[in-house]
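See below for the structure under consideration.
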Amino acid sequence: PPAPHGRAFSTSSACRSTFNVQDGSDFQDRVVNNPKPVVVDFHAQWCGPCKILGPRLEKMVAKQEGKVLMAKVDIDDHTDLAIEYEVSAVPTVLAMKNGDVVDKFVGIKDEDQLEAFLKKLIGA
């Protein structure tokens with residue numbers, strides 16, 4: 001029989017490759033020290049363009065089948081990280097490899113541009 005509360009756990013690849021950053025040490029562990037390339041989405045609840053870019057970027061990251069991960073950072077919850085990475089507008093997306101920022105963009109991109117951004121990061 002199905003679980004009483006619908007599906008409790010989603011097994012879609014989008015969920016496995018995307019995570020919300022909890023705090024500075026979580027960011028250090030899961031982004032800076034990650035052997036895989038990580039796309040960091042700096043966003044805010046009140047930001048309209050973020051609501052468009054976020055799901056679009058998650059979808060494109062999921063398509064890479066685990067070659068790249070996506071960390072979501074709410075700038076209102078993590079002002080320190082936003083300042084540290086010089087985020088002056090949202091959405092700001094950083095591409096990080098081995099703890100270094102190797103690429104970034106600000107604002108909305110279409111799927112083709114996002115795919116090119118991710119392929120460059122992965123080295124495909």
**Pairs where the first residue, in segment 106-124, is under 25 Å from Lys51 (Cβ atoms) and the second is hydroxyl-bearing (Ser, Thr, Tyr) and open to solvent by 40 Å² or more (accessible area, probe 1.4 Å), C-beta under 6 Å, 6+ apart** = none
**Prompt:** How many of the residues making up segment 89-105 are within 22 Å of Pro49 (Cα to Cα) and not in a strand (DSSP E or B)?
**Reply:** 3
**Request:** Would you tally the residues in segment 52-80 being closer than 17 Å to Lys97 by Cα, surrounded by 12 or more Cβ atoms within 10 Å (Cβ to Cβ) and of a type outside the set (Val, Ile, Thr)?
**Result:** 6
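The values are calculated or read from the model by the stated rules, or taken from the named source; none is laboratory data. Quick caveat: nothing in here was measured; it's all calculated off a predicted structure. Note that each Cβ is placed from the backbone with ideal geometry, even for glycine, and that neighbours are counted across all protein chains shown. With ligands, DNA and RNA removed, areas are computed over all heavy atoms of the protein, side chains included. Shrake-Rupley method; radii C 1.70, N 1.55, O 1.52, S 1.80 Å.
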